[in-house]
1. With a 10 Å Cβ neighbour count serving as the proxy for reagent exposure, in which order, fewest first, do R21, R159 appear?
2. Check the straight Cα-Cα distances from K167 and name the lysines below 17 Å, setting aside those fewer than 8 residues away within the same chain.
3. Among K154, K167, what is the fewest-to-most ranking by other Cβ atoms within 10 Å?
4. Averaging over every viewing direction, what projected area does the convex hull of the Cα atoms of the range 32-165 cover, in nm²?
5. Counting only other residues whose beta carbon sits under 10 Å from that of A59, what net charge do I get with K and R as +1, D and E as -1?
6. Hey, fewest Cβ within 10 Å first, where do T95, T20 land in order?
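Every number here is computed from the coordinates shown, using simple stated rules; none is lab data. Every value quoted in this text rests on a predicted model; they were computed, and no experiment measured them. Neighbour counts run over all protein chains shown; Cβ positions are idealised from the backbone, glycine included.
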Amino acid sequence: MLQIDQAATTEKIAEVAGVTRRTLHRYFSSKDDLLVAVSAQMVNTCIANVKNAMNASDAPEEQLKLMFYSDIDCGYQYAFIHDVSKDATPFDKQTQEDFNEMINTFKAVILKVKESAIVSPHVTVGWMEYAYYGLIEGATRALRDGAVAPRDIKKMAWRSYWNGIKKE
């Protein structure tokens, strides 16, 4: 529901979920509590995707590509969290720790890719990170806006990223 209407009331959320407002409030005392729970689900989903990427290949560039693809999926599925929570994603302490661990894994893969000598020496690790996040955001927005066919977006975004950082 929040993907469609960020201003949705708890009554509307309960209705779409097929439960009463009272049932929703039994589990979540407020819309903010619901957002914290959904944010934890998002982080857990993203962590599982990162682990799958890490286990799918020993090659850092392939791990990065698989993370990239899954981050587009997570970004699209959970973009509403950033829209609804004005200033910051609402994490509880454990979710923040898990999120930080996931980011550290991502940064370690970026560093391995950079050190593998397949990346242009003119591209810094910092730029690799910003370009990654920027293209994930762009791909997510393109999907939400219907600007690009969903079947094409991951490959187009990855080609844009990879061609921008690899050696010529």
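1. Arranged by neighbour count, lowest to highest, R21, R159 become R159, R21.
2. K65, K112, K114
3. So the ranking, lowest neighbour count to highest, is K167, K154.
4. Orientation-averaged projected area of the Cα hull: 8.3 nm².
5. -1
6. So the ranking, lowest neighbour count to highest, is T20, T95.
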